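Below is one structure, written out as structure tokens, with a few remarks after it.
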Amino acid sequence: MENKFLESEKKWQEFWEKNNVYRFDESSKKPVFPIDTPPPTVSGRMHLGHAFSYTQADAVARFKRMRGFNVFYPFGFDDNGLATERMVEKNRKIQAKNFSRKEFVQICLDETRGAEKLLESDFRAVGLSVDWSRLYRTISQESQRTAQLSFIEIFESGRAYRKEAPTMWCPKCETAIAQAELEDEEKNSKLFFVSLDIEGSGQITIATTRPEMMPACVGIHVNPQDKRYKGLVGKKVSLPFFERKVPIIANPDVKMDFGTGAVYHCTFGGQQDVEWALAFNAPLIEIIGKNGRLNQKAGQFSGLNVLDARKKIVEELQKMSRIQKTEDIVNVTNVHERCKTPIEILTSRQWFVKYLDLKSKFIEQARKINWAPLHMRSRMENWVNGLKWDWNISRQRYFGVAFPAWYCKKCGETILAERKNLPVDPLKDLPPKKCRCGSNEFEGEKDVFDTWFTSSLTPQIALRWREDEKFFKKNFPMGLRVQAHDIINLWAFYTIVKAFLHEKNVPWKNIMISGHALDPAGRKMSKSLGNTIEPLAMVEKYSADMLRYWALSATLGDDLAFQEKDLVAGKKFLTKLSNAARFVAESGKEFSLSQDLGKAKLRTNDKWILSRLNETMADATNSLEEFEFSKALAAVRNFFWLEFADHYLEQAKYRVYGSDKESKTAALLVLNTVMFDVLKLLSPFIPHTTEEIAQTHFPGMLSAKSIHLENWPVERKAVMDELAKKNGELLALVVSAVRKEKTAKQVAMNKEVAKITIFGPLELESVLEEVKQTMNAKEVVLAKGKGSIEVAEGVSLEIGF
């Protein structure tokens, strides 16, 4: 079946691009509204969550453009992350470790170019009004220069350091990760109660979910207030399988009501173990390798992965009758947000950014930003307050932005690249000078930056930071950041960190946080569940504007379950809008509509609909200024459908078809004025449909080459008439009541009614003709008294069929 809406959309997308409708004009004198858009990860096609979130951002961009701003709306691709690396390995059926770094990087670059073209096509299909000439890639030379320069400035400020330290590690991805990349995941687990021998005599029973960490045990901790263990502190405990004894230590952090109140301390089974190791100066025994398998220090269990080692150690402990009991529990586990693998803590040499001393500053900066919705700010504040680790910024990967650093082979000093040479690749480029010790032999840093180290610089990348300072200073802080709520602790937080470290400023004035698109049952979409909805399939079946209608019906920040019926509702609305516009345009095509509304002979219902248009403009404008796009859409939709189309348009038909030229001209003037303003009010939401209608039916009313370059409609205070508004509303209620009675008596709407008697105030005299003509009544009279059909307070009816 032919989809006229879809055909029209492709036509207007080409028109917008050809005519540079959304191109940012650097020479313009208009105030700039710069938008920091999330660069999607280059690891697949656009998913429904993308369409949901980016459409919401686009509505704001379109609104600001029509409000007179020179909108700076770039687009980027995040193509240097682990997700991209995994995509390349999957698509090419290869593994990075089987190639040289240079070879694998080139494969990634080749693969991402094709993936980016598909992604760009996907995002264009939903009608984003971005300036595609401002496209950036987080792996481009410009982005690499920006990231490396950021590192150099942070290093020179004394906040970047490299050290051997306990590090959160993903065994699957085989790389260090930062605290912000963790997710808490509930997993069914078992709590094992294990008895251990106390030196001399007696036993102590510990409770643990990780018996496989036994080879790394360095102490048994008990609370000093726990009377059960009074007198045991300081004694030694023998470990099974190993000829080693560990002390019983008093530790006030131990929870007496968990398990037996005695826990064993391993280096490292979790983040708390790291804190205890530092607090009690414990020896470090590392038994898990970077591949997630136990090493030689695990003795007979070496070579096993964590789960197999757990199973084997439990079997051996059971043979020794040391498992007293087990309990089923739900355990909250830290997993890597990328692959959902439980993390381990290993000791390795990594680069860090020192920022724990700035936590209060970051909260202060966040409070300078307008958060929409406001409650999302608390998520970041809670996150910052809970930070316990400095930012680990190095990753053991092939594809990414390299550290601009070398190490002197003789004395170990770190040598950084010179700014003028950025970007550099330390594995093939040489340092700019000899080391201070006189040596000219260096080893280049093999690690690459955490992808968030670069992505946190999207304002700087887009605004040509340290390259075009005039342009940067003019547009920084940016006007708006748009992103989803799941990466507040990553993208929003790290961008605030970078802006403070480099500029002592906020990165943007506003931040708009979107929710997630869920499946029809309200579940998160995933390929493993088989519940994904392909947005392009919905665009092909319905249209981009119908998908946008669904996305923009959501309250900002809320997750929204996808229901196809919402697209069907969108189709009905777009059809209603198109039909109404066609009627208005065809009715007045032979009339000149240059007359001023203030000079037209307006009837009561003309003044009513114009007054309500004013109120709708104000509601929509105020809502969009607060990023409450769903409220704005609802206000305009309800005004158009329930008041203009259902009532005013029907009321005006007798004048449009009548012979009273003055009355006809006034009606057509109001019809065209309201219709065109409604199109402008709906343009941020359904841009293709409004462009099609405006260009096809109202070209003479356009003052720009596109409706999206028109000025946002403003209130016409001169036509506000409170009495007319009140009587117009009563007129609509009277007509609705008559329609209801006709339906109840199974009388056709166009069948003549003998007489309608309205009991109400004298002011209704001005709308009697509208009642008569709209409801095809032979006679309509206004009388005193009370009728049997209640309409409103003080207004009732009698209908004679």
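Among the candidates TRP351, TRP383, which residue alone is aromatic (Phe, Trp, Tyr) and in a helix (DSSP H, G or I)?
Details: TRP351 fails: in a helix (DSSP H, G or I).
Exactly one of TRP351, TRP383 is aromatic (Phe, Trp, Tyr) and in a helix (DSSP H, G or I), namely TRP383.
Looking only at the stretch 222-240, decide whether some residue is closer than 22 Å to THR326 by Cβ, part of a strand (DSSP E or B) and under 46 Å from the mean Cα position of the chain (by Cα).
Checking the stretch 222-240: at least one residue is closer than 22 Å to THR326 by Cβ, part of a strand (DSSP E or B) and under 46 Å from the mean Cα position of the chain (by Cα).
Listed here are the residues, each with its yes/no results for (1) touching a Gly at 6+ places or on another chain (Cβ under 9 Å); (2) farther than 26 Å from SER140 by Cα.
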| residue | (1), (2) |
| --- | --- |
| TRP12 | yes, yes |
| SER43 | yes, no |
| MET66 | no, yes |
| VAL88 | no, no |
| ALA96 | no, no |
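Going through SER189, SER195 one at a time, which residue ends up being at pLDDT 85 or above, open to solvent by less than 10 Å² (accessible area, probe 1.4 Å) and either farther than 30 Å from PHE242 by Cβ or assigned to a strand (DSSP E or B) (or both)? Write out each step before concluding.
Numbers: SER189 fails: open to solvent by less than 10 Å² (accessible area, probe 1.4 Å).
One residue alone meets the criteria, SER195.
Considering only residues of the stretch 241-280 that are part of a strand (DSSP E or B) and touching a helix residue (DSSP H, G or I) at 6+ places or on another chain (Cβ under 8 Å), which is surrounded by the fewest Cβ atoms within 10 Å (Cβ to Cβ)?
Filtering the stretch 241-280 down to residues part of a strand (DSSP E or B) leaves 245-250, 262-266.
Subset that is touching a helix residue (DSSP H, G or I) at 6+ places or on another chain (Cβ under 8 Å): 248, 262, 264-266.
On the way: ILE248: 22, ALA262: 26, TYR264: 25, HIS265: 25, CYS266: 25.
Per the stated criteria, the residue is ILE248.
Only one residue in VAL735, VAL747, VAL767 is of a type in the set (Val, Ile, Thr), over 30 Å from TRP16 (Cα atoms) and part of a loop (DSSP other than H, G, I, E, B), so which one is that?
On the way: VAL735 fails: part of a loop (DSSP other than H, G, I, E, B); VAL767 fails: part of a loop (DSSP other than H, G, I, E, B).
From the options VAL735, VAL747, VAL767, the qualifying one is VAL747.
Would you tally the residues in the stretch 335-359 being open to solvent by 50 Å² or more (accessible area, probe 1.4 Å) and either more than 29 Å from GLN148 (Cβ to Cβ) or in contact (Cβ under 8 Å) with a residue 40 or more places away in the chain (or both)? Give the steps one after another, and end with the answer.
Initial filter on the stretch 335-359 (open to solvent by 50 Å² or more (accessible area, probe 1.4 Å)): 338, 340, 342, 349, 354, 356-357.
Filter once more, keeping what is either more than 29 Å from GLN148 (Cβ to Cβ) or in contact (Cβ under 8 Å) with a residue 40 or more places away in the chain (or both): 338, 340, 342, 349, 354.
Of the residues in the stretch 335-359, 5 are open to solvent by 50 Å² or more (accessible area, probe 1.4 Å) and either more than 29 Å from GLN148 (Cβ to Cβ) or in contact (Cβ under 8 Å) with a residue 40 or more places away in the chain (or both).
Test ASP566 against the criterion of being touching a residue at least 60 places away in the same chain (Cβ under 8 Å), touching a Phe, Trp or Tyr at 6+ places or on another chain (Cβ under 8 Å) and either over 30 Å from MET478 (Cα atoms) or assigned to a helix (DSSP H, G or I) (or both), and give yes or no. Quick ask: steps written out before the conclusion?
On the way: touching a residue at least 60 places away in the same chain (Cβ under 8 Å): no; touching a Phe, Trp or Tyr at 6+ places or on another chain (Cβ under 8 Å): yes; either over 30 Å from MET478 (Cα atoms) or assigned to a helix (DSSP H, G or I) (or both): yes.
No: the conditions fail for ASP566.
What is the number of the single condition among (1) in contact with a Phe, Trp or Tyr (Cβ under 9 Å, 6 or more places away or on another chain); (2) under 19 Å from LEU6 (Cα atoms); (3) surrounded by fewer than 23 Cβ atoms within 10 Å (Cβ to Cβ) that TRP550 does not meet?
(3) is the only condition that TRP550 fails.
Where residues in the stretch 199-208 are open to solvent by 10 Å² or more (accessible area, probe 1.4 Å) and of a type outside the set (Gly, Ala, Ser), which of them is farthest from GLN271 (Cα to Cα)? Break it down stepwise before answering.
Restricting attention to the stretch 199-208, the residues satisfying the condition of being open to solvent by 10 Å² or more (accessible area, probe 1.4 Å) are 199-203, 205, 208.
Filter again for of a type outside the set (Gly, Ala, Ser), leaving 199, 203, 205, 208.
Working: GLU199: 29, GLN203: 27, THR205: 23, THR208: 15 Å.
Filtering the stretch 199-208 for residues that are open to solvent by 10 Å² or more (accessible area, probe 1.4 Å) and of a type outside the set (Gly, Ala, Ser), the one farthest from GLN271 (Cα to Cα) comes out as GLU199.
Among THR167, THR146, which is the only one that is polar (S, T, N, Q) and part of a strand (DSSP E or B)? Show your work before the answer.
Working: THR146 fails: part of a strand (DSSP E or B).
Answer to the selection: THR167.
Report the residue count in the stretch 708-724 for those that are modelled with pLDDT of 95 or more, assigned to a helix (DSSP H, G or I) and surrounded by fewer than 21 Cβ atoms within 10 Å (Cβ to Cβ).
Counting residues in the stretch 708-724 that are modelled with pLDDT of 95 or more, assigned to a helix (DSSP H, G or I) and surrounded by fewer than 21 Cβ atoms within 10 Å (Cβ to Cβ) gives 1.
Please go through the stretch 752-780 and give me each residue that is over 23 Å from ASP646 (Cβ atoms) and open to solvent by 40 Å² or more (accessible area, probe 1.4 Å), ordered by number. If you could, list the steps in order and put the result at the bottom.
Within the stretch 752-780, the subset over 23 Å from ASP646 (Cβ atoms) is 754-755, 757, 759, 761-762, 765, 778-779.
Those that are over 23 Å from ASP646 (Cβ atoms) and open to solvent by 40 Å² or more (accessible area, probe 1.4 Å): ALA754, LYS755, PRO761, LEU762, GLU765, LYS778, GLU779.
What do you reckon, is ILE488 assigned to a helix (DSSP H, G or I) and of a type in the set (A, V, I, L, M)? Quick ask: steps written out before the conclusion?
Working: assigned to a helix (DSSP H, G or I): yes; of a type in the set (A, V, I, L, M): yes.
Taking the combined requirement at face value, the residue satisfies it.
Please specify each residue of the stretch 104-124 satisfying the condition of being of a type outside the set (Ser, Thr, Tyr) and closer than 23 Å to VAL448 by Cα.
Kept after step one, since they are of a type outside the set (Ser, Thr, Tyr), are these residues of the stretch 104-124: 104-111, 113-120, 122-124.
PHE104, VAL105, GLN106, ILE107, CYS108, LEU109, ASP110, GLU111, ARG113, ALA115, GLU116, listed by residue number.
Hey, among PHE476, PHE442, which residue is within 28 Å of the chain's Cα centre (by Cα) and crowded, with 18+ Cβ neighbours inside 10 Å? Quick ask: steps written out before the conclusion?
On the way: PHE442 fails: within 28 Å of the chain's Cα centre (by Cα).
When all the criteria are applied, what remains is PHE476.
Residue by residue through the stretch 520-547, note down the ones that are assigned to a loop (DSSP other than H, G, I, E, B), of a type in the set (D, E, K, R) and surrounded by 13 or more Cβ atoms within 10 Å (Cβ to Cβ).
We begin by selecting, within the stretch 520-547, every residue assigned to a loop (DSSP other than H, G, I, E, B); these are 520-523, 525-534, 542-543.
Now restrict to residues that are of a type in the set (D, E, K, R): 523, 527, 534.
Once the filter is applied, which keeps residues that are assigned to a loop (DSSP other than H, G, I, E, B), of a type in the set (D, E, K, R) and surrounded by 13 or more Cβ atoms within 10 Å (Cβ to Cβ), the stretch 520-547 yields only GLU534.
The values are calculated or read from the model by the stated rules, or taken from the named source; none is laboratory data. In this text, all values refer to a predicted model and were calculated from it rather than measured experimentally. Neighbour counts run over all protein chains shown; Cβ positions are idealised from the backbone, glycine included. The protein model used for the area step is the full one, side chains on, heavy atoms only, and it has no ligands, DNA or RNA in it. Shrake-Rupley method; radii C 1.70, N 1.55, O 1.52, S 1.80 Å.
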